[in-house]
Amino acid sequence: MSALSITRGRFQIALPELGLFIGGSWQNGEAGATFPVFDPATEEQIAEVARASEADVDRAVAAARAALESDEWGRMAGTERARLLWRIADLIERDADRLAQLEALEIAKPVGDPRNIDVPMAAETFRHFAGWADRIGGQVIPVPDFMGRSRHCYTRREPIGVVAAITPWNAPVMISSWKLAPALACGCTLVVKPPADAPLSTLHLVSLLDEAGLPDGVVNVVPGPGSSTGAALVRHPGIDKVSFTGSPEVGRGIAEIASAAFKPVTLELGGKSPQLVFADADLDVAIPTAAISVFANAGEVCAAGSRIFVQRQVQDQVVEGLEAFARDIVVGDPFAEGTTMGALINQAQLDRVLGYVRSGEEEGAQLVTGGKRLERRGYFVEPTIFAGTNDMTIAREEIFGPVGTVIPFDDPDEAVALANDTRYGLTAVVWTQDVTKAHTIAARIRAGAVWVNAWGAPDPRLPWGGMKTSGVGRELGEAAIRAHTEEKVVNVVL
Ligand code: NAD
C-alpha cells in the first residue's frame, strides 16, 4: 500500500480503498497479491492495489448471485432502486472533485476535463436510469384461442442476471457508470473489473455505491490484469452477460468465449471515425471542434475523429487552422493551470503512437505539425497532424493518441465512400450548412452515431455503440434496458 494521499500542485488527492470489494466489504485478495499503479505524468508509482485471483473472482460471482436471488434486491420495488440510483448521482456530485482528481491522476488528463465532462456525465447517467427503474415492463399481446380456450398472453422483462462489467482506462468513471446504472436499474447484480492501469477512480465510485445503500453483493469489484482476472471473470459459468468496453482484439477473444457458453455480450470497441468537412461548412466552428475531437484526452478517445476528410477547395484553410490549434495546445502537467493536454497512459501506448507517426512519415504522409515525444518525464507527445491518404496505416488503424490525418475529397459520393472505407464504424461527424446534404450523408454512413456540426460525449438517453469492428450491441438509452433484461412470455390459457 502506498501513501493515503498524493499531492499534485495545489491538490491533495485522497486515495480510495485499494482492495477488492466483495459481498459488501473491502478485502485483500485471497493470495495477498497486488499490482502497482503509476502516474503517467511522472512515471512514479502512486498506489499498490489488491489483485483478484481466480478464487477471488469466484467469490465475487457467488456474492453477486446471492444478491440477485436475495429478497432484499430481487424483490426490491423499482421505485426503491430508482431512489438508490438517484442517491448515487448525488454522492457522485458531492465527490466530483475527488473523482475528477483521481481520474486525472491515474490517466494524466487535465483535471478540468473529468471535472466538467466525465463526472457530471456519470451523475447524469445514474439519474437517467433512475427514471427507468420503475417502468421496465412487458406487453400484453393479443393471440388467438388455444384449442378452443381463450388466452391471456403477456411478456415480462426480467433482469438478465449477474453481469461482468469490464472497462478500459481512458474514461473509467464515465464508462463504468454506463455499465452500472442500467444494470442496476434493471435489477441485475455486477462484478466489475476496472482497468489495471487506472483502477482508482472506479474504486472510489464503488465506495459511493456502497455508501448510497446498495445491498451487499449487488456490486462487487475485482481489480487485476485483464489476462488473468478479466479472463477468469469472462470464463466464469456464473456470469450471465458480459459488458465489455475495450480493444477489438480483446473483444474478439471475449466474444468467442461467451458465444461458446451462449452468453450475451455487449462489445464497445475501437474506432477510426471520419469527419467530413464540406466547403459550405461554418469553418470557424468546424476547425476547432474537429481539432478537439482529435486531441481531447490526448486522442485516447474511442470516438476520436481522426480521419478528417476535407473538400479540396477548403483543404489549405482547414490544414492551417488545425495546425494553429495544435500549436496552441498546452501539453503538460494535468494539475497545472492552463494545461489543455496531458500524457498518454503508459510507455507501451507512447511507443505505439510514435510508431504510427514513423509509419506515416515512411508511407509518405506530410507531417504538418507535432510528431515528437516531449523531452521531460511522463508519456507526453505533441499534438500531431498529417496530410495523407485513406490507404495509409495512420488512416486505417486506431492510434488512440493525438494524431489526425487530413485527406482531401472532391464530391459527396467520394466523401461517403472514403468515410465508409474502414473496418470501423463507431461515429462520424458531418460538417455542412446544407440541411439536405447533412441528412442524406448521415444516412449513408455506416456508424453507430453521426454528429452534424458538432462533436461531444455520448448522451445517456441515446443508444451508444458501433457497427463492424467497433462493436456489437448498444449501451445507454432504452437499448441498455433491453440489453440487461431477458424477455419472457407468459401464456395463460383461460
Ligand atoms: P483493452 O482491450 O486492452 O482492455 C479493456 C479492459 O479489458 C481492461 O479492463 C483490461 O484489463 C481487460 N482485459 C484485457 N484482456 C482481457 C481478457 N483476456 N479477458 C477479459 N478482460 C480483459 O483496451 P484498453 O487499452 O483498456 O482501451 C482502449 C480500447 O478501448 C481502444 O480500442 C478504444 O477504442 C476502446 N474503447 C471503446 C469505447 C467505446 O465506447 N466503443 C470507449 C472507450 C474505449
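The values are calculated or read from the model by the stated rules, or taken from the named source; none is laboratory data. Only a predicted model underlies this, so the values are computations on that prediction, with no experimental measurement involved. Here Cβ is always computed from backbone atoms with ideal geometry, including for glycine, and neighbour counts include all displayed protein chains. To get the accessible areas, we keep the full protein, side chains included, count just its heavy atoms, and leave off ligands, DNA and RNA. Shrake-Rupley method; radii C 1.70, N 1.55, O 1.52, S 1.80 Å.
Among the residues of segment 452-480, those that are crowded, with 19+ Cβ neighbours inside 10 Å and either among the acidic types (Asp, Glu) or more than 14 Å from the ligand (Cβ to nearest atom) (or both) comprise 455, 475. Counting only strands (runs of 3 or more DSSP E) that fall entirely inside segment 230-281 and contain at least 3 residues that are within 11 Å of the ligand (Cβ to nearest atom) and either aromatic (Phe, Trp, Tyr) or surrounded by 22 or more Cβ atoms within 10 Å (Cβ to Cβ) (or both), the qualifying elements are 241-245, 265-268.
Looking across 492, 430, one residue alone is in a strand (DSSP E or B) and surrounded by fewer than 15 Cβ atoms within 10 Å (Cβ to Cβ). It is 492. Quick check, is residue 443 outside any strand (DSSP E or B) and either open to solvent by less than 50 Å² (accessible area, probe 1.4 Å) or touching a residue at least 60 places away in the same chain (Cβ under 8 Å) (or both)? So residue 443 does not fit the description; no.
How many of the residues making up segment 141-171 are touching a helix residue (DSSP H, G or I) at 6+ places or on another chain (Cβ under 9 Å) and more than 16 Å from the ligand (Cβ to nearest atom)? Outline the logic, then answer.
Initial filter on segment 141-171 (touching a helix residue (DSSP H, G or I) at 6+ places or on another chain (Cβ under 9 Å)): 157, 159-171.
Retained after the next criterion (residues that are more than 16 Å from the ligand (Cβ to nearest atom)): 157, 159-161.
Selection size over segment 141-171: 4.
The set of residues in segment 109-160 being buried (at least 23 other Cβ atoms within 10 Å of the Cβ) and assigned to a loop (DSSP other than H, G, I, E, B) consists of 109, 110, 111, 133.
Given the residues 95, 71, which is the only one that is among the charged types (D, E, K, R) and within 26 Å of the chain's Cα centre (by Cα)? First the steps, then the outcome.
Details: 71 fails: within 26 Å of the chain's Cα centre (by Cα).
One residue alone meets the criteria, 95.
Here is a check on your reading of the model: is residue 301 open to solvent by 10 Å² or more (accessible area, probe 1.4 Å), β-branched (Val, Ile, Thr) and either within 26 Å of the chain's Cα centre (by Cα) or modelled with pLDDT of 95 or more (or both)?
Values: open to solvent by 10 Å² or more (accessible area, probe 1.4 Å): yes; β-branched (Val, Ile, Thr): yes; either within 26 Å of the chain's Cα centre (by Cα) or modelled with pLDDT of 95 or more (or both): yes.
Yes, satisfied.
Scanning segment 188-214 for residues that are assigned to a loop (DSSP other than H, G, I, E, B) and open to solvent by less than 10 Å² (accessible area, probe 1.4 Å) yields 188, 194, 195, 198, 199.
Looking at 455, 451, can you tell me which residue is under 24 Å from the mean Cα position of the chain (by Cα), part of a loop (DSSP other than H, G, I, E, B) and not polar (S, T, N, Q)?
Numbers: 451 fails: part of a loop (DSSP other than H, G, I, E, B).
Exactly one of 455, 451 is under 24 Å from the mean Cα position of the chain (by Cα), part of a loop (DSSP other than H, G, I, E, B) and not polar (S, T, N, Q), namely 455.
Taking first residues from segment 280-305 that are free of Cβ contacts under 8 Å to residues at least 24 places away in the same chain and partners that are within 14 Å of the ligand (Cβ to nearest atom), no Cβ contact under 7 Å between residues at least 6 apart in sequence or on separate chains turns up. Of all residues in segment 416-424, one or more are under 22 Å from residue 268 (Cβ atoms), touching a strand residue (DSSP E or B) at 6+ places or on another chain (Cβ under 7 Å) and buried (at least 22 other Cβ atoms within 10 Å of the Cβ).
Scan segment 305-327 residue by residue and report those that are open to solvent by 10 Å² or more (accessible area, probe 1.4 Å) and either within 16 Å of the ligand (Cβ to nearest atom) or more than 26 Å from residue 446 (Cα to Cα) (or both). Selection gives 306, 316, 317, 320, 321, 323, 324, 325, 327.
Every condition in (1) in contact (Cβ under 8 Å) with a residue 40 or more places away in the chain; (2) within 23 Å of residue 295 (Cβ to Cβ); (3) of a type in the set (Val, Ile, Thr) holds for residue 450 except the one numbered (1). Candidates are the residues of segment 216-229 that are open to solvent by 10 Å² or more (accessible area, probe 1.4 Å) and either under 26 Å from residue 70 (Cβ atoms) or part of a loop (DSSP other than H, G, I, E, B) (or both); the one that is farthest from the ligand (Cβ to nearest atom) is 216. Would you be able to say whether some residue in segment 463-475 is assigned to a helix (DSSP H, G or I) and either aliphatic (A, V, I, L, M) or under 16 Å from the mean Cα position of the chain (by Cα) (or both)? Yes, segment 463-475 contains at least one residue that is assigned to a helix (DSSP H, G or I) and either aliphatic (A, V, I, L, M) or under 16 Å from the mean Cα position of the chain (by Cα) (or both). Taken together, the criteria place residue 298 among residues that are of a type outside the set (D, E, K, R), at positive phi and within 16 Å of the ligand (Cβ to nearest atom). Under the condition of being in a strand (DSSP E or B), over 26 Å from the mean Cα position of the chain (by Cα) and either exposed (fewer than 15 other Cβ atoms within 10 Å of the Cβ) or modelled with pLDDT under 95 (or both), the residues counted in segment 9-31 number 2. Scanning segment 172-215 for residues that are charged (D, E, K, R) and more than 16 Å from the ligand (Cβ to nearest atom) gives 210, 211.
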